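To start, the structure under review is shown below, and the notes come after it.
The values are calculated or read from the model by the stated rules, or taken from the named source; none is laboratory data. Computed from a predicted structure; not experimentally measured. Positions of Cβ are generated from backbone atoms using ideal geometry, with glycine treated the same way; all protein chains shown enter the neighbour counts. Note: areas computed on protein heavy atoms with side chains; ligands, DNA, RNA excluded. Shrake-Rupley method; radii C 1.70, N 1.55, O 1.52, S 1.80 Å.
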Amino acid sequence: MWIWDPMYMFYVALPLLLISLIAQGWVKWTYSRYSRIANSSGVTGAQAAMGILRDAGIHDVRVEPSRGWLSDHYDPREKVLRLSPENYGGRSIAAVGIAAHEAGHAIQHASDYAPLLLRNFVVPLASLGSSLGYVAIFLGLVISGWKFFAAIGILLIAVVALFQIINLPVEFN
């Protein structure tokens, strides 16, 4: 039933890896470019986020620094918007743009934006799929008699893909 085809690597895995690397490189290049240009108002990313939240009537979301490079995110469970150090205190176009984007997620949360609620529901499954999916596929292909693990792994990876599809309207809104 299960046959390993080396052409899979050439036609599926390699193109997906290349697309992923290109996207990651594009994000890094764009961030690097706009992180060198100061915003005209001189506000920091944290100040911009707090101003956007205040203007939206949201007063119960904290804005705090996080650790790591581009680790910016809004955590709806704790109602905290976390900005990486270069964006929290940075005065660049990139810092303010990322802070505004993350503040937008807090606004979505406050307005019960349905795609955000769905995404938050799927996050634990997507985390499980991204951490265990490939391991299960590998075990299923390598260990004789464990073929069902490969199917479980494919299902877990499919959940990650579903998460990405659900996440698109949240990111574009």
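Worth pointing out:
- Here Ser130, Ser111 are screened, and the one residue that is out of contact with any Gly (no Cβ under 7 Å at 6 or more places or on another chain), modelled with pLDDT under 80 and either surrounded by fewer than 18 Cβ atoms within 10 Å (Cβ to Cβ) or not aliphatic (A, V, I, L, M) (or both) is Ser130.
- Restricting Ala56, Ala23 to those that are among the hydrophobic types (A, V, I, L, M, F, W, C), surrounded by fewer than 18 Cβ atoms within 10 Å (Cβ to Cβ), modelled with pLDDT of 95 or more and within 22 Å of Val170 (Cα to Cα) reduces the list to Ala56.
- Meets criteria (in a helix (DSSP H, G or I) and over 14 Å from Ser92 (Cβ atoms)) for Gly51: yes
- Residue within the range 95-105 that is in contact with a strand residue (DSSP E or B) (Cβ under 7 Å, 6 or more places away or on another chain), of a type in the set (Gly, Ala, Ser) and modelled with pLDDT of 95 or more present: yes
- Residue in the range 118-128 that is closer than 24 Å to Tyr31 by Cβ, under 15 Å from the mean Cα position of the chain (by Cα), in a loop (DSSP other than H, G, I, E, B) and of a type in the set (D, E, K, R) present: no
Residues are listed down the side, and each one gets a yes or a no for (1) on the phi < 0 side of the Ramachandran plot; (2) more than 18 Å from the chain's Cα centre (by Cα); (3) in a helix (DSSP H, G or I); (4) among the hydrophobic types (A, V, I, L, M, F, W, C):
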position	(1), (2), (3), (4)
Val63	yes, yes, no, yes
Arg67	yes, no, no, no
Arg77	yes, no, no, no
Leu81	yes, no, no, yes
Ile98	yes, no, yes, yes
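Yes/no matrix, rows are residues, columns are (1) open to solvent by less than 30 Å² (accessible area, probe 1.4 Å); (2) without any contact (Cβ under 8 Å) to a residue 24 or more places away in the chain; (3) of a type in the set (Asp, Glu):
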residue: His73; (1), (2), (3): no, no, no
residue: Pro85; (1), (2), (3): no, yes, no
residue: Arg91; (1), (2), (3): no, no, no
residue: Gly97; (1), (2), (3): no, no, no
residue: Leu118; (1), (2), (3): no, no, no
residue: Val122; (1), (2), (3): yes, no, no
residue: Gly153; (1), (2), (3): yes, yes, no
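- Each residue in the range 134-173 was checked for being within 26 Å of Gln108 (Cα to Cα) and either acidic (Asp, Glu) or touching a helix residue (DSSP H, G or I) at 6+ places or on another chain (Cβ under 6 Å) (or both), and 8 of them qualify.
- Within the range 85-97, being in contact with an Asp or Glu (Cβ under 9 Å, 6 or more places away or on another chain) and within 11 Å of Ala46 (Cβ to Cβ) holds for Asn87, Tyr88, Ala95.
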